[in-house]
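Report on the structure given below.
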Amino acid sequence: MLSSKKRTSYPAWQSVVILIYATLALVLDYYHRFPPLQSGVLYLLVPLLMLAIFRRPLRDYGMGAGQWRRGLLLTVGGWVLMAPILWFTARGPEFTAYYAPLWQSGGFWGTLQWVVSDLISWEFFFRGFLIFSLADIIGPWAILFQAIMFTFGHLSKPELETLSCILGGSAFGWVAWETDSFFYPFLIHVFVLFLTIWLSTL
C-alpha cells in the first residue's frame, strides 16, 4: 500500500496546480451539470493530459490492478455492507424524485451504461488523480481531503446522500489507498449507484 512503500517525489507546485484545477472542475460542473461525455473530458481526459505534461506515470495515480487480491476482497465486502443500508435508505421520496426518472428512461441496460460512463471518470478524478496528487503534499490526509471535495460535488443530490459522502468518500479513498488503484472504489461505487437507482423505483 502507498503508506508503506516509497513513492516518486514530485514538485509540490505541480500538486498545487492539480488541486486548483480540481476545484475549478467541480465548480464548473456544479453550474453546468455536464452529461457523462463532457464530464469525461473534465474529470478524465484533462487530468490524464496534466499527468502526461508533468511526466507522472499513471501507475502512481491508481491506473492498474494494484493490489488485486485485497482489492477484490474489499470490493465484495463493500457490496455486502452497502446492500442492506441502501435497502432502507434509497427508497425514500427524495431518492425517488431524483433517481427514478433515470431508470424509467433507460431501463436496466441504459441505466447501467449511464452509471459506468459517469463513474469511470468521476472515480479516477477523486480516487486516482486527486488523492495521489494530494498524497505528495499531505500524505494519508489526502484520503479525507478528497472526500471533502467529493462531498461538495454532491450538493445538488439528495440531502442524505450528500451528508453520507464524507464517510463514503473517505471509505472509497481508503480502498484506493490500500490497493493502489481507483478500480476497486469504482466497482463499489457502480454497485452502490446502480442499486440506489433501482431501489428508488420500488
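The values are calculated or read from the model by the stated rules, or taken from the named source; none is laboratory data. Everything numeric here is computed off the predicted structure, so don't read it as measured data. Cβ: placed from backbone, ideal geometry, glycine included. Neighbour counts: every protein chain shown.
Before moving on, here are some points about what is shown:
- Residue satisfying condition, being under 15 Å from the mean Cα position of the chain (by Cα) and closer than 12 Å to Y184 by Cβ, within set G78, G66: G78
- Which numbered condition F150 misses (of (1) more than 24 Å from L45 (Cβ to Cβ); (2) modelled with pLDDT of 95 or more; (3) hydrophobic (A, V, I, L, M, F, W, C)): (1)
- Per-region count, segment 1-24, residues part of a helix (DSSP H, G or I), modelled with pLDDT under 95 and of a type in the set (G, A, S): 4
- Among residues of segment 16-31 that are closer than 15 Å to R127 by Cβ, none has a Cβ under 8 angstrom from a residue that is of a type in the set (K, R) and surrounded by 14 or more Cβ atoms within 10 Å (Cβ to Cβ) at a sequence gap of 6+ or on a separate chain.
- Residue in segment 146-202 that is nearest to the chain's Cα centre (by Cα), counting only those that are part of a loop (DSSP other than H, G, I, E, B) and not polar (S, T, N, Q): F182
- Hits in segment 103-158 - residues which are in contact with a His (Cβ under 9 Å, 6 or more places away or on another chain) and either without any contact (Cβ under 8 Å) to a residue 60 or more places away in the chain or within 15 Å of W198 (Cβ to Cβ) (or both): V115
- Boolean, I85 is in contact with a Gly (Cβ under 7 Å, 6 or more places away or on another chain) and at pLDDT 95 or above: no
- Complete set of residues in segment 79-99 that are touching a residue at least 60 places away in the same chain (Cβ under 8 Å), part of a helix (DSSP H, G or I) and closer than 16 Å to C165 by Cβ: M82, L86, T89, E94, F95, Y98, Y99
- Hits in segment 154-187 - residues which are crowded, with 20+ Cβ neighbours inside 10 Å and touching a Leu at 6+ places or on another chain (Cβ under 8 Å): G173, V175, W177, T179, D180, Y184, F186
- If you filter segment 93-126 down to residues that are closer than 16 Å to L44 by Cβ and among the polar types (S, T, N, Q), you find that the one that is surrounded by the most Cβ atoms within 10 Å (Cβ to Cβ) is S121.
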